[in-house]
1. Say we look at segment 47-59 and pick out the residues that are within 11 Å of K92 (Cα to Cα) and modelled with pLDDT of 90 or more; which of these is surrounded by the most Cβ atoms within 10 Å (Cβ to Cβ)?
2. Would you please list the contacts, defined by Cβ atoms under 6 Å and residues six or more apart or on different chains, that run from a residue in segment 248-272 that is on the phi > 0 side of the Ramachandran plot to a residue that is assigned to a helix (DSSP H, G or I)?
3. Is there any pair linking a residue in segment 62-87 that is farther than 16 Å from V41 by Cα to one that is assigned to a loop (DSSP other than H, G, I, E, B), with Cβ under 7 Å and at least six apart or on different chains, and which?
4. Looking at (1) surrounded by fewer than 23 Cβ atoms within 10 Å (Cβ to Cβ); (2) at positive phi, find the lone condition where T157 falls short.
5. Would you confirm whether or not segment 256-266 contains a residue that is of a type in the set (A, V, I, L, M, F, W, C) and surrounded by fewer than 23 Cβ atoms within 10 Å (Cβ to Cβ)?
6. Of all residues in segment 97-131, count the ones that are assigned to a loop (DSSP other than H, G, I, E, B) and within 17 Å of the chain's Cα centre (by Cα).
7. Has segment 167-186 got any residue that is within 20 Å of A227 (Cα to Cα) and among the hydroxyl-bearing types (S, T, Y)?
8. Within segment 76-88, how many residues are surrounded by fewer than 20 Cβ atoms within 10 Å (Cβ to Cβ) and under 24 Å from Y38 (Cβ atoms)?
Amino acid sequence: MSVTVRVPAKVNVQLAVGAARPDGFHDLANVFLAVGLYDEVTATPAGDLGVTCTGPDADQVPLDRTNLAARAAEALAARYGREPRVHLHIAKDIPVAGGMAGGSADGAAALVACDALWGTGAPREELLEICAELGSDVPFSLVGGAALGTGRGERLTEVETGGTFHWVFAMAPRGLSTPAVFREFDRLAQDRRVPGPVASRDVLDALAKGDPDALAEALTNDLQPAALSLFPELADTLAAGRAAGALAALVSGSGPTTAHLVRDAAAAEKAARALRASGTCRSVRVAAGPVPGATVI
């Protein structure tokens, strides 16, 4: 017997970042939108905990117990007094180290898969607690849809959406370390007061109305200057997306993937072709959201 769980990528339509806290984290107002690029995690009984991975850039995914999928299995097993005797296979399609929460998605998927495989019947609230222990983006990967994350991003409030939003994602030729981007954010902010992060009413209203033009006007990412400082070539990709007809373009999360919001599916295909031809990125993907979070298939 095995259990397979499908889990989506995310894009941040707002990422407001506060000053560094004493624990090293930052308070966030993080508006997540789940989009239709998916990893699948299959849990199968085994003699010991193991992880394998296939798909684009699978060679960059750790296969030891630092992998969030493995850590999720260990955390659930520990809560229920059992050994994490499970093999986890990750079929990866979410970009690796791309700012789209692929690792977090795998953690959430493994948690749901192991819960189903072992019949632990953990309440959703408990699964979300474990997700929050694993990482700031993991709870949203479980929930999906659209949500506002506060604290360090792990405290979620569902956000209303009134339609589907279409995106083109451009993958960079190399990765960016999330901790490095936050350190650069702190460096760039050292001579100014960083305000407390607040959810944007304009972003929330645009999502509720399903209005891509209004959302394009409201998109913000406080980490974008830091990502561009470390990876200046991303500015060329953002410019290429706008030239290709995107309503707006921004760095996704900590990057280096760039997200290009377009009006509809036809505009997405047109912008994707232009971005592929621009020579400013490694690959291009089209996706739309919101979509559900981690789901047994």
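1. Applying the first criterion (within 11 Å of K92 (Cα to Cα)) to segment 47-59 yields 52-59.
Applying the additional criterion that residues be modelled with pLDDT of 90 or more yields 52-55, 58-59.
Details: T52: 13, C53: 22, T54: 10, G55: 15, A58: 14, D59: 8.
That would be C53.
2. Going by the 6 Å Cβ cut-off, the qualifying pairs are G255/A227.
3. A77/E83; A77/P84; Y80/T120
4. The one condition T157 does not meet is (2).
5. From segment 256-266, those of a type in the set (A, V, I, L, M, F, W, C) are 259, 261-262, 265-266; that's our starting set.
Then drop every residue that is not surrounded by fewer than 23 Cβ atoms within 10 Å (Cβ to Cβ), which leaves 265-266.
Yes, segment 256-266 has at least one match.
6. Let us first name the residues in segment 97-131 that are assigned to a loop (DSSP other than H, G, I, E, B), namely 97-101, 119-123.
Keeping just the survivors that are within 17 Å of the chain's Cα centre (by Cα) gives 97-101.
Residues meeting the conditions: 5.
7. yes
8. Restricting attention to segment 76-88, the residues satisfying the condition of being surrounded by fewer than 20 Cβ atoms within 10 Å (Cβ to Cβ) are 77-83, 85, 87.
Now drop any that are not under 24 Å from Y38 (Cβ atoms), which leaves 87.
Number satisfying all stated conditions: 1.
The values are calculated or read from the model by the stated rules, or taken from the named source; none is laboratory data. Because the structure is predicted, anything quoted here is derived from the model rather than measured. We place every Cβ from the backbone using ideal geometry, glycine too, and count neighbours over all the protein chains shown.
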